[in-house]
1. Could you check the stretch 37-88 and list, in sequence order, the residues that are hydroxyl-bearing (Ser, Thr, Tyr) and in contact with a helix residue (DSSP H, G or I) (Cβ under 9 Å, 6 or more places away or on another chain)?
2. For the stretch 151-171, name all the residues that are in contact with an Asp or Glu (Cβ under 8 Å, 6 or more places away or on another chain), modelled with pLDDT of 90 or more and hydrophobic (A, V, I, L, M, F, W, C).
3. Does residue 133 satisfy the condition of being modelled with pLDDT under 90, small (Gly, Ala, Ser), surrounded by 13 or more Cβ atoms within 10 Å (Cβ to Cβ) and not in a strand (DSSP E or B)?
Amino acid sequence: MNQVQTEYESELDLSPDVLQFLTFILNGEEYGVDILKVQGIQGWTKVTPIPNTPDFMLGVINLRGAVVPIVDLRKRFQLEEVGYGPTTVVIVVKVRDDDGERVVGLVVDAVSEVYNVNSREIKPSPNFSGSISTEYIRGLSMIENKMVILLEIDSLVNAGVLDLVPNELVS
C-alpha cells in the first residue's frame with residue numbers, strides 16, 4: 001500500500017514539499033496565491049464604495065451575509081488601469097492579521113490555473129536595494145516555461161488594506 005500511495009503521490013506531485021498556488025493574470029503577468037488562502041472565485045460585481053480610502057480600495061460587497069472589502073490589485077500594484085471585462089474576477093481570500101482571520105476580495109484580470117510547486121524550487125525575489133519593495137513577494141517560480149510571481153498575501157493585504165476598514169464592518 002505504501003508503494004502504491006507513493007506512486008500516486010509522485011504521479012500527482014503532492015508530496016509534503018509541494019504547495020499549490022492559484023494563479024491569475026494582471027497586466028499580462030502571472031501571479032500566484034497559496035490555494036489554502038482562497039475561499040472562492042466570483043465574477044465581477046458592483047461594490048459599495050467607502051469614502052476616504054485609497055483608490056485601490058474599491059469598497060465592500062455583501063458575500064453570503066459577510067461584508068467583504070474589495071481591493072483592485074492592478075491599482076494596488078500601480079499598474080495601468082483597464083476596464084473590467086468578462087474575464088475580470090474577484091478572488092476571495094482569507095488572510096491573517098493581528099485580530100485573527102478576515103476575508104478580502106481581490107479584483108484581477110483573469111484566473112489562470114492551479115499549479116503544484118515544489119517548495120525547493122521557489123526562488124527568493126531579487127534584491128532591489130530598497131528601491132522596490134519585495135515584502136509582498138513570497139518568491140518566484142518557473143512553471144511551464146514562464147515566471148510566476150508568488151505573493152505573500154497576508155502581508156500584501158494587511159499593509160494598507162485591512163487597517164482601512166473598521167473591524168466591525170468586516171467578518
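1. Filtering the stretch 37-88 down to residues hydroxyl-bearing (Ser, Thr, Tyr) leaves 45, 48, 53, 84, 87-88.
53, the sole residue that qualifies.
2. 153
3. Working: modelled with pLDDT under 90: yes; small (Gly, Ala, Ser): yes; surrounded by 13 or more Cβ atoms within 10 Å (Cβ to Cβ): no; not in a strand (DSSP E or B): yes.
It is false that residue 133 is modelled with pLDDT under 90, small (Gly, Ala, Ser), surrounded by 13 or more Cβ atoms within 10 Å (Cβ to Cβ) and not in a strand (DSSP E or B).
The values are calculated or read from the model by the stated rules, or taken from the named source; none is laboratory data. Quantities reported herein were computed from a predicted structural model and do not represent experimental measurements. Every residue, glycine as well, gets a Cβ built from its backbone with ideal geometry; the counts of neighbours run over all protein chains shown.
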